[in-house]
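The structure under discussion appears below in the form of structure tokens.
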Amino acid sequence: MKREHPETPSTVEEEGGGSSPKCMKSMWDDDDDGDGGMDELLAVLGYKVKSSHMTDVAQKMEQLEMAMGNTEDGISHLSSDTVHYNPSDISGWLESMLSVLTPEQTNSTSSMIINNNHVPLVSDQHSFSPSSIASRSSSTNPFHQNQLQIFEDKSEYDLRLIPGIAAYNHNNNNKRSKHHDGGGARVSSRSVNSAAAAPRPLVLVDSQEAGVRLVHTLMACAEALHNDNLKLADTFLKQIGQLAVSQAGAMRRVATYFAEALARRIYKICPHPSSIDSSYSDVLLMHFYETCPYLKFAHFTANQAILEAFAGADRVHLIDFSIKQGLQWPPLMQYLALRPGGPPAFRLTAIGPPQPDNTDALQQVGWKLAQFAKTIGVEFHYRGFVCESLADLTATMLDIKAGETVAVNSVFELHRLLARPSAIEKVMNTIREVKPRIVTVVEQEANHNGPVFLDRFNEALYYYSAMFDSLEDCGLTQPSSQQDVLMSEMYLGRQICNVVACEGEERVERHESLVQWRGRMESAGFDPVHLGSNAFKQASMLLAVFAGSDGYRVEENGGCLMLGWHTRPLIATSAWRLASATAN
């Protein structure tokens, strides 16, 4: 909820200090002068600067920058004097700041509340132009709606390296300073100020500005990890939590998951994929299925390609590399049941991981599907295989019978094979041996398999930010599904943890882009199958019925279909068949 900011006087009286009559007089004098000759841009934002005074203001800004940079003990001593909030008279404010910011001022142990609008971003600390102040001053206007949060800095580290941190002075109070003793010897000593004696500074942070700094800090932490600077990474990590609390909704939650993943990487606490309860993962997947259209889109577009491949076949055999709860197949069986001339005999081979409690989850899924097939009059045969990896399968295990039309389906599974050397090649060989009429592949449209950690992190940050944003929108359009949204975020949070925290064979979330999968499939002896305009239209209609939001986009890319959030593609469905030479 956004909060109105009432106009505050240009001076605030604190203990031990008083108001600045000079500054107050200057402000009232400007009011008496009227608006003639005032800079229009700054006037709209509440700042009164005559056009003829712009040069003088710029010079005072440069002087203030030099004074702040040359002050040995920082600017904490200003807390005992007048502190100005949102001054409309820039010239008077700069003059009052210059008058008190002198080397003769003694160090103070008081804390100071700093308004971000009067301290430049670190990335812009050498650019003090009127236009830059105007661009940052919208939050000083009484009509500015951005929420402000107050934080207490509890870090023991120098925070000057964090990009965009405007709330901390550039001169660390704990820095070492050089002094000469009476004999001329150079002595290195700590500043007189004691961090233990002085209260930590309170920082007034604009939530929008803090959001930018939060992203910068996440990336800075990843860069420190990339450079094996664990101490600096830990410093950044401690600030991420403080910045995240100023955010609301998706930004806050995605930052929390990335912070946890970074912490796990710093302290080398990465959960092994085999230690994750697959039954609980299926529960999270169910919530993800119910919350957003990604899995529905994946199932629908893959089923369309499979139905076209099964046209005219009397016996069909479907091999599912990722059966999960079997949610994909009831709609397909319904279509087969309505086929002119009657449905074909439908045989399903399901692949799934072992269960930690040794329960036969695959058999339970098969029983439910068999009951459904019986109600709609489809001849159904089912067989389940439990295996740690798809690479453990062989063509003989799949038991392909003569006269069967075979289809192979994989939804969010093939990328996991990239963690093991030669695993993807072995699976492609198995697929070729069963001679399927169609192979459907659904994968995340991202590149989380690069060799450089920093690139992988940045790609994941933007990818999952879009994912979380779309989930938040689903929660707004479907208020009853808040629990589903939270569980769906946990489902994605596990992926974030694996992408960021794990390495080697433990990093199984090795998503690759459609372009990369095209290269893999073609080199393995498969040709692309165009999904067609009909599938595109029906997918768009399905999306309109389900999502209730105009943020989702269906896009056709070289015969494949992509679903994205606004302009960012997030998942891609492609279909393949054996190349002519390979089939012969």
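The values are calculated or read from the model by the stated rules, or taken from the named source; none is laboratory data. On a predicted model such as this, the values are computed, not experimentally measured, just so you know. FYI the Cβ positions are ideal-geometry reconstructions off the backbone, even for glycines, and counts take in every protein chain you see. For the accessible areas, the whole protein counts, side chains as well, though only heavy atoms, and no ligand, DNA or RNA atoms are used. Shrake-Rupley method; radii C 1.70, N 1.55, O 1.52, S 1.80 Å.
Observations on the model:
- Checklist (1) in a loop (DSSP other than H, G, I, E, B); (2) open to solvent by 50 Å² or more (accessible area, probe 1.4 Å); (3) among the polar types (S, T, N, Q) applied to SER322, failing item: (2)
- Counting the residues of the range 414-453 that are farther than 28 Å from ILE266 by Cα and either open to solvent by less than 30 Å² (accessible area, probe 1.4 Å) or assigned to a helix (DSSP H, G or I) (or both) gives 20.
- Flag if ASP473 is closer than 22 Å to THR567 by Cβ and open to solvent by 10 Å² or more (accessible area, probe 1.4 Å): yes
- Flag: ILE269 does not match the condition of being of a type in the set (Val, Ile, Thr), surrounded by 20 or more Cβ atoms within 10 Å (Cβ to Cβ) and modelled with pLDDT under 95.
Okay, residues lined up against (1) of a type outside the set (A, V, I, L, M, F, W, C); (2) assigned to a strand (DSSP E or B); (3) open to solvent by less than 40 Å² (accessible area, probe 1.4 Å):
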| site | (1), (2), (3) |
| --- | --- |
| GLU489 | yes, no, yes |
| CYS497 | no, no, yes |
| ARG518 | yes, no, no |
| GLU522 | yes, no, no |
| ASN534 | yes, no, no |
| ALA575 | no, yes, yes |
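- Filter result for ALA466 (outside any helix (DSSP H, G or I) and touching a strand residue (DSSP E or B) at 6+ places or on another chain (Cβ under 7 Å)): no
- Residues being within 18 Å of GLN325 (Cβ to Cβ), in a strand (DSSP E or B) and open to solvent by 60 Å² or more (accessible area, probe 1.4 Å) - total across the range 361-381: 0
Okay, residues lined up against (1) under 17 Å from the mean Cα position of the chain (by Cα); (2) over 23 Å from MET467 (Cα atoms); (3) in contact (Cβ under 8 Å) with a residue 60 or more places away in the chain:
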{"site": "VAL500", "(1), (2), (3)": "yes, no, yes"}
{"site": "VAL508", "(1), (2), (3)": "no, no, yes"}
{"site": "ASP527", "(1), (2), (3)": "no, yes, no"}
{"site": "SER533", "(1), (2), (3)": "no, yes, no"}
